[in-house]
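Visitor: There's a structure below that I have some questions on.
The values are calculated or read from the model by the stated rules, or taken from the named source; none is laboratory data. Computed from a prediction, not measured in an experiment: that's the story for all the values here. Positions of Cβ are backbone-derived with ideal geometry, glycine not excepted, and every protein chain shown enters the neighbour counts. The area values use the complete protein model at the heavy-atom level, side chains included, leaving out ligands, DNA and RNA. Shrake-Rupley method; radii C 1.70, N 1.55, O 1.52, S 1.80 Å.
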Amino acid sequence: MKRMLLLSGAATLALLGTSGPAGANDQLLEMQKNPNDWVMQLGDYAGHRYSELDQINRENVGDLQVAWTFSTGVLRGHEGGPLVIGDVMYVHAPFPNSVYALDLNEPGRKIWEYEPVQDPSVIPVMCCDTVNRGVAYMPADGGEPAKIFISLADTTLVALNAETGKELWTAKNGDPSKAETSTAAPLVVKDKVLVGISGAEFGVRGHLTAYDAKSGEIAWRAYSTGPDEEVLINSETTELGQPVQPNQGIETWEGDEWQIGGGTTWGWFTYDPDLDLVYYGTGNPGTWNPTQRPGDNKYSMTLFARDPDTGMAKWLYQKTPHDEWDYDGVNENILAEIDINGEQRKVLVNFDRNGFAYTMDRESGELLVAEKYDPVVNWATHVDMETGRPQVVAEFSTEAGGEDVNVENICPAALGSKDQQPASYSPKTGLFYVPTNHVCMSYEPFAVSYTAGQAYVGATVNMYPPEGQSHLGRFIAWDAAKGETVWEIDEPFSVWSGALTTAGDVVFYGTLEGYLKAVDIESGKELFRFRTPSGIIGNVNTYTHNGKQYVAVLSGIGGWAGIGLAAGLMAESNAGAWHAAVHPGRAAGTGVDTAGLGAVGAYKQLAEYTSLGGVLSVFALPD
């Protein structure tokens with residue numbers, strides 16, 4: 001069923017294109033400031049995941065009740081979350097990546113549904129579940145209708161008419177036959193839509209691509225590896241204040257390995273409209289076996305600041321040169337202004353998979369703070385603040401041991417001290433609230449050859465809790481100026497849900513068992529919990545409708561931590577089949593413990609606590 005959307009205020013103007021001379025991006029800049037809506041996956045361009053709403057607060061949050069629910073009809077991992085513009089909520093699902101427009105005046109009623117047709121052969125080449133991190137919104141501009149963008153698993157970027165759900169244009173961003181896939185949420189910046197690519201475990205060469213939002217034509221593409229003209233680096237690009245040396249995207253690789261060099265871009269993008277810079281990170285280098293790719297392997301594991309009009313890099317910083325542990329560098333970069341040593345600085349804060357939290361000057365790329373945010377991190381002692389290089393501990397170097405040698409008790413595991421699950425920043429407290437993993441691993445690299453479309457991993461991994469501990473997750477409050485944890489909550493399993501902070505002095509997050517939790521922003525004291533139908537790896541958001549505040553979250557177990565349940569890998573036979581696919585030519589070995597790229601063994605008890613599902617749960621205070 002399709003009906004005219006019921007919108008109010010600025011959202012009506014944005015959708016109908018009657019807001020006067022302001023362009024779509026000017027409207028979006030204003031819309032992101034409206035706490036009654038939720039117009040971007042990360043809440044705003046800065047990635048704060050913070051809301052000024054305070055109807056729900058630390059005094060009454062314990063009274064929350066389920067207001068309504070909606071089933072997506074899909075039983076795989078539900079990452080990301082819904083957008084809310086006026087009276088309409090936009091909900092997405094994992095493969096096949098359906099999108100629903102829901103009427104908030106009749107909660108759960110579908111205004112329209114978009115269900116794309118994709119070849120299911122893309123599923124086996126999606127590394128860590130068939131997740132999708134959500135849609136992006138662009139308001140109407142002149143004669144152009146408002147749009148919803150989604151990047152499908154098979155890399156098709158789709159522009160939908162936000163009113164009707166009809167396709168306006170599509171663009172192919174990659175080639176699934178080469179295992180190029182897509183899981184990231186796009187980001188609208190000015191007149192462009194930015195989208196990344198997945199598939200480093202299959203030797204995909206990463207890139208960030210900007211498409212013209214009106215036509216779907218490519219505006220620019222910045223590769224993560226290769227010659228400077230393809231990485232979009234010039235003589236003015238800097239790293240830690242120094243000019244970048246020419247063609248490091250080739251010269252820090254052996255031979256042509258850069259062509260299958262990974263550095264994929266499946267994480268989050270943020271944007272500073274004042275500096276006019278887009279920030280994002282690149283992932284692990286191709287093949288997890290570091291012996292096969294000597295050198296720093298630039299520009300994998302690198303944080304980039306780019307001009308959104310041209311794609312040219314202003315500055316960059318490689319956090320984990322010559323990655324030996326699969327510490328993808330794609331996590332969100334949160335933009336804030338904080339006091340450091342008595343000086344107010346415009347910073348970027350990044351909680352990297354490698355276990356270090358980085359605070360950087362987001363204009364110059366100066367490294368200000370780099371500290372461990374999980375005390376068990378042991379692969380490096382510290383980050384040298386002059387060179388920016390982590391000081392690797394030989395005992396936990398997977399290259400120092402050599403091929404076919406199992407290196408044990410490396411912390412964190414390959415899924416990092418934090419994966420894609422986005423943190424939140426509260427301007428009220430000046431602290432960052434971070435969902436984390438508390439997991440270590442054994443890692444055995446082995447020689448592997450590249451075949452297009454086939455797994456190119458080259459390592460056997462087994463994950464488990466830190467020695468002497470049983471919990472796999474922590475939720476923490478972090479001081480990015482001092483590089484210190486303020487408080488922490490231990491969780492039985494990794495916290496794979498995106499956090500939300502509010503002016504009501506509450507922090508929300510979800511757990512893999514399926515609990516939506518609310519805790520006090522100052523102390524971490526639990527104030528509320530509710531068991532949703534499935535494990536939560538979605539991101540919590542909030543909005544108002546008819547003057548009433550709601551909190552929404554998707555539940556649906558999956559993602560890397562939940563891949564055992566999502567993909568049916570708990571049985572020994574299934575685990576062995578997965579192992580054989582990812583580790584061609586090698587025995588299944590320990591089966592379940594190494595399945596799912598090592599995650600199944602660590603999370604096998606999840607099956608006792610939750611089941612598959614795909615449900616949007618919306619909460620509110622009683623009338």
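Visitor: Between Pro116, Ala179, Leu194, whose Cα lies farthest towards the positive end of the dipole of segment 101-253 when Lys and Arg beta carbons carry +1 and Asp and Glu beta carbons carry -1, centred on the Cα centre?
Guide: Of the listed residues, the answer is Pro116.
Visitor: If you don't mind, another one. Please compute the volume of the convex hull spanned by the alpha-carbon atoms of the chain and report it per residue in Å³.
Guide: Numbers: hull volume 81.4 nm³, N = 623.
With only Cα atoms used, the chain gives 131 Å³ per residue.
Visitor: Per residue, how big is the convex hull of segment 383-487 when only Cα atoms are used? Give it in Å³. Can you show the working numbers first?
Guide: Details: hull volume 17.2 nm³, N = 105.
Each residue corresponds to 163 Å³ of Cα convex hull volume.
Visitor: When only C-alpha pairs under 8 Å and at least 6 residues apart count, what is the relative contact order of the chain, in percent?
Guide: Values: 1897 pairs, mean separation 89.3, N = 623.
It rounds to 14 percent for the chain.
Visitor: Rolling a 1.4 Å sphere over the protein heavy atoms, what is the accessible area per residue of the chain, to the nearest Å²? Can you show the working numbers first?
Guide: Values: 19660 Å² over 623 residues.
Result: 32 Å² of accessible area for each residue.
Visitor: What's the carbon and sulfur percent of segment 106-229's accessible surface, probe 1.4 angstrom, rounded to a whole number?
Guide: Values: 1810 of 3720 Å².
The computed percentage sits at 49.
Visitor: Dividing the Cα radius of gyration by the Kirkwood radius, what Rg/Rh value follows for segment 270-399? Intermediate values should be presented prior to the final figure.
Guide: Values: Rg = 14.9 Å, Rh = 15.2 Å.
The Rg/Rh ratio comes out at 0.98.
Visitor: Only helical DSSP H runs with n ≥ 4 go in: add -39500 (n - 2.57) per run for the chain, normalise by residue count and round the 222 nm mean residue ellipticity to 500 deg cm²/dmol.
Guide: Numbers: 8 runs with 47 residues, N = 623.
About -1500 deg cm²/dmol.
Visitor: Could you sort Asp307, Asp623, Asp256 by accessible area so the largest value comes first, with the probe set to 1.4 Å? Kindly include the intermediate steps, with their values, before the conclusion.
Guide: Values: Asp307 45, Asp623 180, Asp256 105 Å².
So the residues, ranked largest to smallest area, are Asp623, Asp256, Asp307.
Visitor: Okay, next question. What is the Å³ per residue value for the convex hull set by the Cα atoms of segment 78-208? Spell out each step's value before the answer.
Guide: Working: hull volume 13.1 nm³, N = 131.
For segment 78-208, the hull spanned by Cα atoms encloses 100 Å³ per residue.
Visitor: Of all beta bridges DSSP finds with both residues in the chain, what is the antiparallel percent, to the nearest 5? All intermediate terms of the calculation are to be shown ahead of the outcome.
Guide: Details: 128 of 133 bridges.
Rounded to the nearest five, the antiparallel share is 95 percent.
Visitor: Another one. Placing +1 at every Lys and Arg Cβ and -1 at every Asp and Glu Cβ, with all other atoms neutral, what dipole size does the chain have around its Cα centre, in debye to the nearest 20?
Guide: Values: 40 positive and 80 negative charges, 314 e Å.
Dipole about the Cα centre, nearest 20: 1500 debye.
Visitor: What number does segment 426-491 give for Rg over Rh if you use C-alpha atoms and the Kirkwood radius?
Guide: Working: Rg = 18.0 Å, Rh = 15.0 Å.
On the Cα set of segment 426-491, Rg over Rh gives 1.20.
Visitor: Then there is this: On full extension of the chain, what length is gained from Glu229 through Asp212, given 0.36 nm per residue of separation minus the C-alpha to C-alpha distance?
Guide: Numbers: separation 17, 0.36 × 17 = 6.12 nm, distance 2.07 nm.
Once the chain is fully extended between Glu229 and Asp212, it gains 4.1 nm.
Visitor: Give me the number: length gained by fully extending Thr170 to Glu30, i.e. 0.36 nm times residue separation minus the C-alpha to C-alpha distance, one decimal in nm.
Guide: Numbers: separation 140, 0.36 × 140 = 50.40 nm, distance 2.74 nm.
Fully extending the segment from Thr170 to Glu30 adds 47.7 nm.
Visitor: Now a separate question. Filter the GluC sites (Glu not before Pro) in segment 30-123 down to the DSSP loop ones having no more than 11 other Cβ atoms within 10 Å, then list what survives. Provide the component values of the computation, followed by the final result.
Guide: On the way: sites: Glu30, Glu52, Glu59, Glu79, Glu113; in loops: Glu52, Glu59, Glu79.
Passing sites in segment 30-123 are Glu59.
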